[in-house]
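Please read the structure below before turning to the comments.
The values are calculated or read from the model by the stated rules, or taken from the named source; none is laboratory data. Just so it is clear, the structure is predicted and the values come from calculations on it, not from any experiment. We place every Cβ from the backbone using ideal geometry, glycine too, and count neighbours over all the protein chains shown. Side chains included, ligands, DNA and RNA excluded: accessible areas come from the protein's heavy atoms. Shrake-Rupley method; radii C 1.70, N 1.55, O 1.52, S 1.80 Å.
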Amino acid sequence: MCGILGLWSPTRGHRGNLVEKALHELDHRGPNDRGIEWFDTPGGTLALAHTRLSIIDLSSGGHQPMNSPCGRWSMIYNGEVYNYRELRTELEAEGERFATQSDTEVLLRVWMKRGAAGLSSLTGMFAFAVIDRERHKLSLVRDAFGIKPLFYRQNEKGFAFASESRAITALDLDPPRLNLQRTYHYLALARYDDSDETFIDGIRHLPPAHWMELDLRTGRAEAPARWWWPSIARREIGFAEATDELRERFLDSVRLHLRSDVRLGAALSGGIDSSAVVCAMRRLDPDVPIHTFSFVARGSAVNEESWADLVNAQVGADVNKVAVEPSELADDLDDVIRSQDEPFGGTSIYAQYRVFRLARERGVTVTLDGQGADELLAGYGGYPGPRLNSLVEQGDYRGFLRLLNGWSRGPARSRRQGVMAFLGQRVPPQWRSAALALVGRSVSPPWLDDRMLRDHGVRVEDPELARSGEGRGRRLTEALRRAVTDGSMQSLLRHGDRNAMRWSVESRVPFLTVPLAEFLLSLPENYLLSDTGETKHIFRAAMRGIVPDAILDRKDKIGFATPEQAWLSKIAPTVRGWIADAPRLPFVRQDWLQARFDSVLAGDRPLDTTLWRFINFYRWFQIRNLTL
């Protein structure tokens, strides 16, 4: 786990001080080693830089940039390839010889022999850059799910890329400018990390499961190309057989994710997913020490401590818990915002930040996490809208009513919510704005003066979600595929990566592997969301005998939650000062915002999510010293 950075410039001079300064922005991602190497190319000069967090092969053999013995290729890499031992054995059978025990060398050899065609053989998380001197190309690659970040920017000064956007802005002498389209989506629609655009104008994400090439003769970058896209075609398989196969696939994934040359543990919330990871660790090794790290919200309705305790008792864990006072949020908020690098959604991100800080304080460098299960197994509310649409497209109206009735009996659900979720999937594009208004949302909320945005080309609308012909009758798996490849999963992975790396901790997500995703997206949809509305139906069955039944039978899990209202209300006076001192943005009606916050202080209304987004955005805008 590391930080990577690169700069191609059409000039021949080495901009060493600038690269050193930018690499310093990534020190937290790799405190154990660092390396910078310069390469003369036909069209200019290329710098590759790396900061290393040593996890596998702690020796100097893992130093980067790593060069091939023949001198043709050089690589910098952030991530882990968990099946590197198996790949190494395959390559040795083909005549390859290795000088280190690192997964970096294995990855380099896979690329040398197979190029992009070899990416599908990798089980892991990765973002890497590799030079091919013979072809005069620089290739950038990102893993299938976007677990590891990779940003890039191209302008007249050259081409830059890095693990975090602030390292790229450190390479550019021009002040970073705000991306108004991304800002509108965040403030008005609570959307972020769902496209290749960032909050900084000109800086983009390399999308998950994509790779791109830069021509080192001309400085021209090709458009990113997708290297993986899962099918959602239905596989005919019985429920019992599928349950057994899922159990084996999941246990095998956890087994691979336990490979480490440093101490590891697990983030444990008490929900099904994190509990399954922890219990699988014990199932695979009856004697291994298991260190768990949990956020607890004692005295709050969202406290899940008792569930985590149940799992800890079963596996005999070394238990570590963190509770948070509202004043601590105020003290730490600037560091959280700086660490996240861009605005984010809510205070659960702070709770996660504290969990990883606790892991670092206890000497644990690697943690396993349950992230990704909800998006692959139809968790959260179960995605009733897409599933109901599948049944209608199949002509199964009896199944529609059965699912609607069964789903609505779950906690905090109703038939009306199910019907609205169903109809929301069927609204024609031209009626989308009107439909949003009916449910209390608006593409032009009262605080927004959208004239300036429209004058600058901002689309003041809620982007339509594409539906494919392939998805007919498979709308649930289509929605899950979108969530895990291009949608909500991206913001969750960003939160986890930045929070973990802020404390030099590697966070691993064993649910997110290509083989597991392809298997789950091929299953009959009622194996995921049952005919009576049970979420994660097949996974609950697969974990019987491994995870306590009380955990598997839970119906009240709503995601990683914090007592957000209580926290924010306690720090409201401090936040009011932040808003009063905030920069004036021409598209925000500041008087409305101030009046809204005054009503919160007076106790007339709760501190809602819109105000939280403004708090977050304003502080980030000031910290990053942006211009419009």
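Which residues, counting only those in the range 214-226, are part of a loop (DSSP other than H, G, I, E, B) and touching a residue at least 12 places away in the same chain (Cβ under 8 Å)?
Residues satisfying the conditions are 216, 217, 218, 219, 224.
Among what's in the range 9-38 and is in a strand (DSSP E or B) and open to solvent by 20 Å² or more (accessible area, probe 1.4 Å), pick the residue that is nearest to residue 219 (Cα to Cα).
38
Which strands (runs of 3 or more DSSP E) does the range 113-170 wholly contain that include 1 or more residues that are farther than 22 Å from residue 56 by Cα and under 20 Å from the mean Cα position of the chain (by Cα)?
Strands (runs of 3 or more DSSP E) meeting the threshold: 137-142, 151-155, 158-162.
Those residues that are over 24 Å from residue 349 (Cα atoms) and either touching a residue at least 24 places away in the same chain (Cβ under 8 Å) or part of a helix (DSSP H, G or I) (or both), I need them from the range 468-480; list them, please.
Once the filter is applied, which keeps residues that are over 24 Å from residue 349 (Cα atoms) and either touching a residue at least 24 places away in the same chain (Cβ under 8 Å) or part of a helix (DSSP H, G or I) (or both), the range 468-480 yields 469, 470, 471, 472, 473, 474, 475, 476, 477, 478, 479.
Go over the candidates 211, 229 one by one and state the one that is of a type outside the set (Gly, Ala, Ser) and assigned to a loop (DSSP other than H, G, I, E, B).
Exactly one residue qualifies, and that residue is 229.
Just one of (1) open to solvent by 10 Å² or more (accessible area, probe 1.4 Å); (2) hydrophobic (A, V, I, L, M, F, W, C); (3) within 29 Å of residue 59 (Cα to Cα) trips up residue 240, so point out which.
With respect to (1) open to solvent by 10 Å² or more (accessible area, probe 1.4 Å); (2) hydrophobic (A, V, I, L, M, F, W, C); (3) within 29 Å of residue 59 (Cα to Cα), residue 240 is out only on (3).
Could you list, in sequence order, the residues of the range 179-200 that are open to solvent by less than 20 Å² (accessible area, probe 1.4 Å) and either touching a His at 6+ places or on another chain (Cβ under 6 Å) or of a type in the set (Val, Ile, Thr) (or both)?
Passing the criteria: 183, 198, 200.
Give me a count of the residues in the range 598-613 that are assigned to a helix (DSSP H, G or I), under 18 Å from residue 188 (Cα atoms) and either touching a Leu at 6+ places or on another chain (Cβ under 6 Å) or open to solvent by 20 Å² or more (accessible area, probe 1.4 Å) (or both).
Result for the range 598-613: 3.
Return yes or no: is residue 512 farther than 16 Å from residue 352 by Cα, among the hydrophobic types (A, V, I, L, M, F, W, C) and within 13 Å of the chain's Cα centre (by Cα)?
Yes, satisfied.
Quick one: in the range 243-280, which of the residues that are of a type in the set (Lys, Arg) and open to solvent by less than 70 Å² (accessible area, probe 1.4 Å) is farthest from residue 372 (Cα to Cα)?
Per the criteria, the residue is 259.
I need a count of the residues in the range 281-298 that are in contact (Cβ under 8 Å) with a residue 40 or more places away in the chain and either open to solvent by less than 30 Å² (accessible area, probe 1.4 Å) or outside any helix (DSSP H, G or I) (or both).
Total meeting the criteria: 6.
Taking helices (runs of 4 or more DSSP H) that fall entirely within the range 356-444, which contain at least 1 residues that are open to solvent by 60 Å² or more (accessible area, probe 1.4 Å), of a type in the set (A, V, I, L, M) and modelled with pLDDT of 95 or more?
In the range 356-444, 397-408 are the helices (runs of 4 or more DSSP H) which contain 1 or more residues that are open to solvent by 60 Å² or more (accessible area, probe 1.4 Å), of a type in the set (A, V, I, L, M) and modelled with pLDDT of 95 or more.
Quick check: anything in the range 303-312 farther than 20 Å from residue 491 by Cβ, touching a Gly at 6+ places or on another chain (Cβ under 6 Å) and part of a loop (DSSP other than H, G, I, E, B)?
The answer is yes; a qualifying residue exists.
Could you tell me which residue of the range 387-403 is nearest to residue 535 (Cα to Cα), considering only residues that are in contact (Cβ under 8 Å) with a residue 60 or more places away in the chain and in contact with a Gly (Cβ under 8 Å, 6 or more places away or on another chain)?
Restricting to residues being in contact (Cβ under 8 Å) with a residue 60 or more places away in the chain and in contact with a Gly (Cβ under 8 Å, 6 or more places away or on another chain), the top hit is 403.
Please determine, by comparing only the residues of the range 134-159 that are of a type outside the set (Phe, Trp, Tyr), without any contact (Cβ under 8 Å) to a residue 60 or more places away in the chain and over 17 Å from residue 116 (Cβ atoms), which one is most open to solvent (accessible area, probe 1.4 Å).
Taking the candidates together, the pick is 156.
Can you tell which of 40, 27 is touching a Gly at 6+ places or on another chain (Cβ under 9 Å), of a type in the set (Asp, Glu) and in contact (Cβ under 8 Å) with a residue 12 or more places away in the chain?
27
Among (1) open to solvent by 50 Å² or more (accessible area, probe 1.4 Å); (2) assigned to a loop (DSSP other than H, G, I, E, B); (3) of a type in the set (A, V, I, L, M), there is one condition residue 55 misses while meeting the rest; what is its number?
(1)
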